Amino acid sequence: MMQALTMAGKDHSDVIAVCLSVSGVNHPSDQQRMLDWIRKLFPVHAQFYVENDAVAALASGTMGKLHGCVLIAGTGSIAYGVTEDGKVARAAGAGPVLGDWGSGYGIAAQALTAVIKAHDGRGPQTNLTREILRKLEIASPDELIGWTYADSSWARIAALVPVVVSSAEDGDEVANKILHDAVQELAGSVVAVVRRLTLCGEEGADQFPLVLVGGVLEGNKKWNISGEVIKCISEVFPGVHPIRPEVEPAIGAALLAWSHHHKELKLENGS
């Protein structure tokens, strides 16, 4: 934050509002810890807001307006929605152990599992074996066990997603099934959120924004994961309006800070 202020030619005393959008902030106690910390860094007159990182991702696509749904699929995944009157709902986002399937980690972990199964004779042969061994510069699937547990970083596993995508594009059936399953999981998360919040209207046909964020949803070559996800969702909710943000989520957080501050000013002025 200090670096951003320096680049903008401003000082911390110039700040009137701060919005922190942080992964894992899902409970008032989490928010309070962040607020206690951030208040020590800025002037007493500044306003402070703490949100989950999905909220900033949504705002980056709607230019600060909190309405609609965001789907994040990077190392992890989450679908998060907000109604016009402030009701919220989420699906997935529980981390890799509890099932962020459809995420980068989920896709790559299934690919590694498929390689082990093929090696054991418990599953079909797949070109993923050759491609993953080449990528990791190891000689045998037996070495995958040591590689996998040598480092607990989820992002290290998720980095194998491009190998799965390229294998699917080359026609590998196992890789294609993994990606098709990921599409169903991601679309299912969005559908669950939209239904809980009735973002699509009572008749199910109203338009609502769906902001797409994360490396898994970036435009691929022949295998367009985000395109397939949108196709699945539109079969249920034809009013879905996909948005790929032109700014990063950090800008969304700044827009949220401004929006919150603007509302506070309107309340103070009695309007």
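The values are calculated or read from the model by the stated rules, or taken from the named source; none is laboratory data. Every value quoted in this text rests on a predicted model; they were computed, and no experiment measured them. So basically every Cβ, Gly included, is an ideal-geometry build from the backbone, and we count neighbours across all protein chains shown. The area values use the complete protein model at the heavy-atom level, side chains included, leaving out ligands, DNA and RNA. Shrake-Rupley method; radii C 1.70, N 1.55, O 1.52, S 1.80 Å.
Quick notes on this one:
- Per-region count, segment 119-145, residues touching a residue at least 40 places away in the same chain (Cβ under 8 Å) and assigned to a helix (DSSP H, G or I): 1
- Residue count for segment 239-271, restricted to those that are in contact (Cβ under 8 Å) with a residue 24 or more places away in the chain, assigned to a loop (DSSP other than H, G, I, E, B) and open to solvent by 90 Å² or more (accessible area, probe 1.4 Å): 2
- Sole exception among (1) touching a helix residue (DSSP H, G or I) at 6+ places or on another chain (Cβ under 6 Å); (2) surrounded by fewer than 24 Cβ atoms within 10 Å (Cβ to Cβ) for Leu41, by number: (1)
- Filter result (touching a strand residue (DSSP E or B) at 6+ places or on another chain (Cβ under 7 Å) and surrounded by fewer than 15 Cβ atoms within 10 Å (Cβ to Cβ)) within segment 100-153: none
- If you filter segment 154-213 down to residues that are closer than 14 Å to Gly106 by Cα and not in a helix (DSSP H, G or I), you find that the one that is most open to solvent (accessible area, probe 1.4 Å) is Ala159.
- Count - residues of segment 57-88 that are touching a Leu at 6+ places or on another chain (Cβ under 6 Å) and surrounded by 23 or more Cβ atoms within 10 Å (Cβ to Cβ): 8
- Among the candidates Val213, Val174, Val193, Val183, residue that is in the same structural domain as Tyr105 (by the TED database), out of contact with any helix residue (DSSP H, G or I) (no Cβ under 7 Å at 6 or more places or on another chain) and at negative phi: Val193
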